[in-house]
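Engineer: Please find one structure pasted underneath; my questions will follow.
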Amino acid sequence: MDRQELEKAFITLVEDNKRIIYKVCYVYAADKDGLNDLYQEVVINLWRAYPRFRGECQVSTWIYRISLNTCVSFYRKSKSHPEVVPISVDLEAFPEEESKTSQLRELYRMINCLKQLERALILLWLEEKSYQEMAEITGLSSNNVAVKLNRIKEKLKQMSNR
Amino acid sequence: MELEELKASWNVLNEELKKQTVLNREMAMRMLRNKGESALSSLMLWEGFGVGVAVVLALSGILVYLLTHWLGQLLLGEFVVLLILAWQLYKYCFLKNIRLEELSVCDAFLRINKYKKMLIGEIFSTPFILVPWFFVLDWGQEFVWGKWIFMIIACLICVPPLYMYYWRRIAKLRQSLEELKEFEAE
């Protein structure tokens with residue numbers, strides 16, 4: 001496959017999975033600029049890994065793994081990208097559903113209080129991944145995933161009751 | 001907010017994202033065309049630069065010998081440069097072998113923290129390598145107080161602030177490693 005065809009196939013893949021990437025970056029970014037920068041970092045890392053992808057796992061697992069690894073471990077703000085391409089999302093643009101906006105803000109606030117690795121696990125739970133998939137992506141055993149998730153949920157419950 | 005409400009909020013996000021563009025082909029193409037490097041490849045570039053500098057120093061030492069046939073301390077200098085070259089190559093290969101698509105989140109977290117440990121170790125051990133090296137290079141030369149006073153003052157001025165700056169990074173690194181230990185514990 002020549003570079004142009006590879007790029008075309010890759011862009012199709014990213015377009016099909018853009019929401020997954022957004023949700024991972026949403027959980028880790030401190031603000032909108034950070035989110036744009038992080039999104040671009042993830043796309044660049046996906047592009048670097050794409051020629052090696054042979055379909056050994058599901059595309060979504062592959063994307064979650066690279067996105068989470070980028071957000072948790074391999075990201076440095078702003079110096080990396082001279083020009084950041086802003087993504088097109090506005091989550092404040094639905095004033096008629098104010099209760100939903102405030103719920104989303106509360107969710108974001110609570111997730112931001114979690115540690116880096118905990119956010120990865122809660123994100124995968126919110127995405128309705130099986131324990132097996134969560135274990136594969138995080139590197140924990142399925143039992144440990146269950147135990148950790150219960151603790152994180154307890155933590156979130158306590159946060160919301162304050 | 002109950003956990004079911006949490007999930008409901010997440011579904012709100014999902015539904016909103018379906019209504020919005022997020023990313024189109026043109027934006028994705030621009031991201032690829034930008035002359036930006038990922039954080040990982042930036043680190044590799046930096047370590048690769050270090051390899052290049054070490055190679056140039058090693059070759060310079062050989063050139064000096066060929067031109068002057070002066071061996072003496074040059075041999076020791078070359079030995080130190082070769083050690084630096086080996087260390088730089090090790091770090092470069094360490095980073096090159098990090099494949100984000102193959103590592104689990106915990107493994108990737110461990111690797112980057114291991115790399116940070118290496119960098120901090122490097123910073124802290126540099127004065128302990130440079131000072132004896134300076135001493136050995138000066139061996140056999142006429143003892144000049146000024147040189148030694150300058151070296152001691154330079155160490156006193158540069159080393160404590162450097163160590164203080166990196167102390168915070170050590171604390172952060174320790175926190176990250178504890179987080180990982182806690183996360184992986186059953």
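Engineer: Rolling a 1.4 angstrom probe over the protein chains, ignoring ligands and nucleic acids, what is the accessible area of A:D2 in square angstrom, nearest 10?
Structural biologist: Per-residue accessible area (A:D2): approximately 80 Å².
Engineer: I would also like to ask the following. Pick out, in residue order, every one of the chymotrypsin sites (Phe, Trp or Tyr not before Pro) in the stretch B:2-70 that is DSSP loop and has at most 15 other C-beta atoms within 10 Å; say none if there are none.
Structural biologist: Here the sparse-neighbourhood loop sites are B:W70.
Engineer: Tabulate in residue order the Karplus-calculated ³J(HN,Hα) for the stretch A:9-23, using 6.51 cos²θ - 1.76 cosθ + 1.60 with θ = phi - 60°, rounded to whole Hz; enter x for Gly and Pro.
Structural biologist: Karplus values, whole Hz, x for Gly and Pro: 5, 5, 4, 4, 4, 5, 4, 5, 10, 4, 6, 4, 4, 4, 5.
Engineer: Counting only complete DSSP H runs, which helices of chain B cover 27 Å or more along their long axis at the Cα atoms and score a mean Kyte-Doolittle of -0.5 or above?
Structural biologist: Those that clear 27 Å and a mean of -0.5 are B:39-68, B:72-96, B:105-138, B:145-184.
Engineer: Then there's this: Which Rg and Dmax, in Å, describe the Cα atoms of the stretch B:92-159?
Structural biologist: Considering the stretch B:92-159 through its Cα atoms, Rg and Dmax are 19.4, 59 Å.
Engineer: Still on this structure, I have one more. Sort out for me the Cα centre separation of the stretch B:29-96 from the stretch A:117-162, rounded to whole Å.
Structural biologist: After rounding, the separation between the Cα centres reads 43 Å.
Engineer: Could you tell me what fraction of 2.2 N^0.38 Å the Cα radius of gyration of the stretch B:1-157 comes to, as a two-decimal ratio?
Structural biologist: 1.70
Engineer: Follow-up question, since we're still on this one. Please list B:K18, B:K147, B:K91 from largest to smallest accessible area, probe radius 1.4 Å, with all protein chains kept in place. Don't jump to the answer; show the numbers that get you there.
Structural biologist: Details: B:K18 125, B:K147 80, B:K91 5 Å².
Most to least solvent-accessible, the answer reads B:K18, B:K147, B:K91.
Engineer: For B:I84, B:I170, what's the largest-to-smallest order of accessible area, 1.4 Å probe?
Structural biologist: The ordering from most to least exposed comes out as B:I84, B:I170.
Engineer: Follow-up question, since we're still on this one. Can you give the longest run of chain A that contains no GluC sites (Glu not before Pro) sitting in a DSSP loop with at most 11 other Cβ atoms inside 10 Å?
Structural biologist: A:1-55
Engineer: Compute and list, largest first, the equivalent-ellipsoid semi-axes of the protein assembly as shown from the alpha carbon gyration tensor, each √(5λ) rounded to a whole angstrom.
Structural biologist: Sorted largest first and rounded, they come to 47, 24, 18 Å.
Engineer: Loop only per DSSP, at most 16 neighbouring Cβ atoms within 10 Å: give me the chymotrypsin sites (Phe, Trp or Tyr not before Pro) in the stretch B:71-174, ordered by residue number.
Structural biologist: B:W139, B:F143
Engineer: In the stretch B:75-182, which GluC sites (Glu not before Pro) fall in coil by DSSP and have 14 or fewer other Cβ atoms within 10 Å?
Structural biologist: Those that pass, being in a loop and sparsely packed, are B:E142.
Engineer: Tell me, what is a quarter of the convex hull surface for the C-alpha atoms of the stretch B:3-81, in nm² with one decimal?
Structural biologist: Numbers: hull surface 42.5 nm².
One quarter of the hull surface, i.e. the mean projection, equals 10.6 nm².
Engineer: Find the all-direction average of the projected area of the Cα convex hull for the stretch A:11-59, expressing the result in square nanometres with one decimal place.
Structural biologist: 3.6
The values are calculated or read from the model by the stated rules, or taken from the named source; none is laboratory data. What you are looking at is a predicted structure, and each value in this text was computed from that prediction instead of being measured. FYI the Cβ positions are ideal-geometry reconstructions off the backbone, even for glycines, and counts take in every protein chain you see. Side chains included, ligands, DNA and RNA excluded: accessible areas come from the protein's heavy atoms. Shrake-Rupley method; radii C 1.70, N 1.55, O 1.52, S 1.80 Å.
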